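Remarks on the structure that follows.
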Amino acid sequence: MDWRTKILSSKARARRDYQSLATPVYRGSTVVFDNQTSVNDGWDQAENGYSYGLYGTPTALELAARIAEIENAHRTLIVPGGQAAIALVYFAYCVSGSHALVPHSAYGPNKEMAEGMLKGLGIDVEPYDPLIGADISSIIRENTALIWCESPGSVTMEVQDIPAIVKAAHDKGVAVALDNTYSAGVMFDAFAHGIDVSMQALTKYVGGHSDLLLGSVSARDEKAFESLGPVYRQLGLAVSPDDCSLALRGLQTLAVRLEQFEKSTLEVANWLDQHSAIKSVFHPAFPSCPGHEYWKRDFTGSTSVFSILFQDSATPEQVESFVNELEIFKIGLSWGGVNSLAVVYPDVIRPGKDYAGKLVRLNVGLEQADDLIADLEKSLKSNLG
Ligand SMILES: Cc1ncc(COP(=O)(O)O)c(C=O)c1O
C-alpha cells in the first residue's frame, strides 16, 4: 500500500482500555460501521447505537446522561445553547394553528421568538402574568399546546406557583415546559413538581466560567422525549465536543460554586436592601420578591442573580453612571460565571410596572463579598449621594 493510502487507511491503534477519570473529548462527524447490516441513521444513539456525530459524540451523550441524572429526568438532549433549547421545545410541541402561553417575565429572546418566527409560522404565543397560578386555567384554549414557565423570571425575578400551573395545564392535557436555568437544574426539582420538559442554558452555571455556550432539554418521560427527538434531529442541533468537555468539567465544581454564590449573593443583596438609594431588591429569598412564598415552599436554595430597583427619585442617568463606575462588577448581560456582573435594563416591560431606567440586574461571582459591597458602596455614594 502506498504510504499516502496507508495514512488514510491505517490499522495502527493505541490500546482502547485507557480508563481516564475525565470524559475524553470525542471529535467526529462520521461513524464507521462494522458491516452494512449494522448501519443505523437514528437520532437516539444512547438507545440504538452510534450513527452520526450530529446527534452527539460520546462526550455530548455523557454530558446528557449526567444532566438527566442530576435533574432526575427520563432523558436529556444537549443543544448548542439555551436559546436553541427554547426553540427545540417550541417546535416539538407547537405546529401551525397552535396556541402557547409564555410568562411576561420569560427570557427576552424567548418572547422575541414568539413574536417573530413563531407568529410567522402561525403559532400564537400569548404572554401571561407569571403570578397567575391556578387561574391560568381561564386562558387555556382548545388549541393550547404548550405552557412555558420560567421561575424566577428573567430580570424581575417573579417566582411562579408551578404546581398550580401544572395542575391546571394537565387537567386540560397541556404540556408544561420550564426554563430551569436559574436553579442550575438542582435548586428546583422540575419533575417532582410535575414539569414535562425542563431546559437549561448550560452556558450559565454548569459551564460556570463564561467560556462556552450550551443548552440542555430534559424530558420527564418517554412521551416527552419522543416529542423532542425528531425535532432535535430535523433542526440539526450539533454541539461541540470540546464545549461538552468543558461543561463536564464545570459539573465537577457546580456544588461548591453554587454554595458560595448563594452565601455571597445573600450578603450583597442584604446590604443593598438596607441602602437608602434602593427601593426594592428582587431576590427570591426576600419577601419583597414577587412569589417569594413559592420560592420558600418549592426551592432548596437561591443562586447568584438578582435585581435592584432604585428609588423613584433616581434618574436613568444616575443609574447608568452607577453601573459605569463599578470596578469589580463588569458590565455584561450573562450570568452564572465566576465574575460579578451588572447591567441596566432600560426598557424592561412588565404590565402595570414602570421600571424604565431604574432596574439593574446583578450577578454575584466568586470575588469576596466585602470587596463587592465596597465597590457598590463607592459607586452608590458617588452617583446617588
Ligand atoms: C433564563 C435564560 N434562559 C435561556 C438563556 C439563553 O441561553 P444561551 O445564551 O445559552 O442561548 C439565557 C441567557 O441569558 C437565560 O438567561
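The values are calculated or read from the model by the stated rules, or taken from the named source; none is laboratory data. As the structure is a prediction and not an experimental result, all values here were calculated from the model. In this analysis, Cβ positions are derived from the backbone assuming ideal geometry, glycine residues included, and neighbour counts consider all displayed protein chains. Only protein heavy atoms, including side chains, enter the accessible area calculation; ligands, DNA and RNA are left aside. Shrake-Rupley method; radii C 1.70, N 1.55, O 1.52, S 1.80 Å.
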Taking r as the C-beta separation of R27 and S51 and R0 as 22 Å, the FRET efficiency to the nearest 0.05 is 0.85
For segment 36-252, the dipole about the Cα centre with charges only on Cβ (Lys and Arg +1, Asp and Glu -1), to the nearest 20 debye, works out at 160 debye
Debye calc, one equal point scatterer per Cα of segment 36-252, no solvent, log10 I(q)/I(0) at q = 0.17, 0.19 1/Å comes to -1.16, -1.42
Hits in segment 340-373: amide N under 17 Å from the 7 Å Cα→Cβ extension of S382, namely 341-344, 371-373
In order over segment 187-194: 3J(HN,Hα) from phi, Karplus 6.51/-1.76/1.60, θ = phi - 60°, whole Hz, x for each Gly or Pro, gives 6, 10, 8, 4, 6, 5, 9, x
When the charge dipole of the chain is computed with +1 at the Cβ of Lys and Arg and -1 at the Cβ of Asp and Glu, the Cα pointing farthest to the positive end, of I349, G291, G81, is that of G81
So the compactness index of segment 133-201, its C-alpha Rg divided by 2.2 N^0.38 Å, takes the value 1.05
Cα-based Rg/(2.2 N^0.38 Å) for segment 1-124, rounded to two decimals, is 1.49
Spelling it out for S334: with amide H atoms placed in the peptide plane at 1.01 Å from N, the residues 5 or more places away or on another chain with amide H under 5 Å from its amide H are none
Averaged per residue, the 1.4 Å probe accessible area of segment 263-385, protein heavy atoms only, in Å², is roughly 45 Å²
Going through K167/K353; K263/K296; K119/K172; K279/K358; K204/K296 one by one, the pairs whose alpha carbons sit over 18 Å apart turn out to be K167/K353; K119/K172; K204/K296
Counting only protein heavy atoms and rolling a 1.4 Å probe, one gets per residue an accessible area for segment 36-252 in Å² of 37 Å²
Across the alpha-carbon set of segment 183-255, Rg over Rh with Rh taken as the Kirkwood radius works out to 0.99
Carbon plus sulfur, as percent of the 1.4 Å-probe accessible area of segment 254-384, comes to 51 percent
So the FRET efficiency between Q19 and A164, C-beta based with R0 = 51 Å and rounded to 0.05, is 0.60
Sites removed, the longest contiguous part of the chain containing no DSSP-loop chymotrypsin sites (Phe, Trp or Tyr not before Pro) with at most 13 other Cβ within 10 Å is 34-385
Given a Förster distance of 35 Å, the FRET efficiency implied by the Cβ-Cβ spacing of D171 and V256, rounded to the nearest 0.05, works out to 0.30
Counting sequence-distant residues (5 or more places) and residues on other chains, those with an amide H built under 5 Å from that of S304 are none
Shape descriptor, the chain: equivalent ellipsoid semi-axes (Cα gyration tensor, sqrt 5λ, whole Å, largest first) stand at 39, 27, 17
Taking max minus min of the Cα coordinates of segment 250-362 on each principal axis, largest first, gives extents in Å of 43, 33, 25
